[in-house]
Amino acid sequence: MIRWILAFLGFVIFRFPGGVIGYLIGYYLDQMQITTTRSGSGIGTQRSSVSPADFELNLLSLASLVIKADGKVSQKELDYVRMYFVQAYGKDRANATFRMFNEVIKKREVNAQNICNYLRQRTRYEARLQIIHFLFSVADADGYVSPLEVDKIRSIANYLSIRLADFESIKAMFFKSADSAYTILEIEKSATDNEVKAAYRSMVKKYHPDKLQHMDEAHQKGAEAKFRKVQEAYEQIQKERGM
C-alpha cells in the first residue's frame with residue numbers, strides 16, 4: 001500500500017512527524033486508486049487482500065467504537081484490546097499500531113461503515129465472523145456487555161454482511177439463557193434430535209479453527225473459543241434430551 005511506503009520514507013527523513021504526514025498523503029492516494037479501480041471495473045468486481053498493517057488499524061478502530069459505545073471508557077476493555085494485540089502481533093508491532101492509531105486515526109471521526117466496506121471486500125467470511133467474536137470479547141472484558149455495545153456490534157455486523165443467524169449465534173456465546181445453546185447452533189428449541197445433530201455438524205464446519213490458519217495466533221485462539229462454545233452447546237442439548 002502506498003500509505004505505508006510514504007510513511008516509512010517520511011519517518012526515515014523527518015522521523016515521526018514525517019511518518020504521520022507520509023501516511024496521510026499515502027492514505028488519500030490509496031483511496032483515489034481504489035475509486036479509480038471501482039469506476040473502471042464496477043464496485044465489488046475486484047477482490048484484493050488487506051495488508052496486515054491495515055487490518056490491525058481497522059480492527060483497532062472498530063474496537064474503539066465498541067469501547068466508547070456506552071459513553072464510558074472501561075480500563076478493563078482497553079487492557080483486553082492491548083493484550084490481544086500483543087498476543088496476536090508481538091509487543092513492538094502492537095505498540096506501533098497503537099501509536100499510529102493515536103496520532104492519525106483517533107484525531108478524526110472513525111467511520112464504521114467505511115471500515116467495514118473496506119474489510120468486507122478484502123477478507124473471508126470466517127475472518128469477519130472472528131471480528132464480531134473479538135468485538136463481543138472486548139465488550140465483555142469488564143464483565144458486562146451493555147445494550148448499547150450490542151447495538152454497536154450489530155451495526156458493524158450488518159456493515160460486514162454477517163448473516164443475522166450468525167450474529168445471534170456469536171452473541172449467544174456471551175449471554176446465558178434457557179435457549180442460548182439452541183441459538184448458538186442456529187436452531188429452534190423445537191428442532192428434532194436429527195436436526196440438532198445436523199446443525200452441530202454444520203456449525204463445526206463453519207467455526208472450525210482450521211479455517212483461520214491464515215490469521216495470527218490470537219485470532220486462532222478466538223476461533224478455538226467459538227468452537228468450544230459450539231461443542232458445549234451441543235453437549236448441553238444432548239444432556240437435556242438424553243441423546
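Selection of segment 70-100 for residues being surrounded by fewer than 19 Cβ atoms within 10 Å (Cβ to Cβ) and hydrophobic (A, V, I, L, M, F, W, C) yields Val73, Leu78, Met83, Val86, Ala96, Phe98. Candidates are the residues of segment 33-69 that are part of a loop (DSSP other than H, G, I, E, B), at pLDDT below 75 and of a type in the set (A, V, I, L, M); the one that is surrounded by the fewest Cβ atoms within 10 Å (Cβ to Cβ) is Ile43.
Among residues of segment 155-172 that are over 10 Å from Arg128 (Cβ atoms), those with a beta-carbon under 6 Å from a residue that is of a type outside the set (Lys, Arg) and assigned to a loop (DSSP other than H, G, I, E, B) at least six positions away or on a different chain give the pairs Ala165/Glu186; Ser169/Glu186. Counting only residues that are among the β-branched types (Val, Ile, Thr) and farther than 22 Å from Gln231 by Cβ, which one in segment 146-171 is surrounded by the fewest Cβ atoms within 10 Å (Cβ to Cβ)? Restricting to residues being among the β-branched types (Val, Ile, Thr) and farther than 22 Å from Gln231 by Cβ, the top hit is Val150. Listed by first and then second residue, the pairs with beta-carbon distance under 8 Å, at least 6 apart or on different chains, first residue in segment 67-95 and more than 18 Å from Gly143 (Cβ to Cβ), second modelled with pLDDT under 85 and not in a helix (DSSP H, G or I), are Ala88/Asp216; Tyr89/Asp216.
Looking at the structure I just gave you, is Thr97 over 15 Å from the mean Cα position of the chain (by Cα) and under 15 Å from Glu56 (Cα atoms)? Taking the combined requirement at face value, the residue satisfies it. Inspect all residues belonging to segment 191-200 and state whether any of them is under 30 Å from Asp54 (Cβ atoms), exposed (fewer than 15 other Cβ atoms within 10 Å of the Cβ), modelled with pLDDT of 90 or more and charged (D, E, K, R). Taking every residue of segment 191-200 in turn, none turns out to be under 30 Å from Asp54 (Cβ atoms), exposed (fewer than 15 other Cβ atoms within 10 Å of the Cβ), modelled with pLDDT of 90 or more and charged (D, E, K, R).
Would you point out the residue of segment 172-189, among those that are more than 19 Å from the chain's Cα centre (by Cα) and part of a helix (DSSP H, G or I), that is surrounded by the most Cβ atoms within 10 Å (Cβ to Cβ)? Going through the qualifying residues, I end up with Ala181.
Just to be sure, is Leu9 within 25 Å of Asp151 (Cβ to Cβ) and modelled with pLDDT of 55 or more?
Working: within 25 Å of Asp151 (Cβ to Cβ): no; modelled with pLDDT of 55 or more: yes.
Against the criterion (within 25 Å of Asp151 (Cβ to Cβ) and modelled with pLDDT of 55 or more), Leu9 does not qualify.
Just one of (1) in contact (Cβ under 8 Å) with a residue 12 or more places away in the chain; (2) under 20 Å from Ile170 (Cα atoms) fails for Glu103. It is (2). Selection of helices (runs of 4 or more DSSP H) fully inside segment 80-169 by the criterion of at least 3 residues being at pLDDT below 95 and over 25 Å from Met203 (Cβ atoms) returns 91-100, 112-120.
The values are calculated or read from the model by the stated rules, or taken from the named source; none is laboratory data. Just so it is clear, the model here is predicted, and its values are computed rather than measured. Methodologically, a virtual Cβ is constructed for each residue, glycine included, from the backbone with ideal geometry; neighbour enumeration extends over all protein chains shown.
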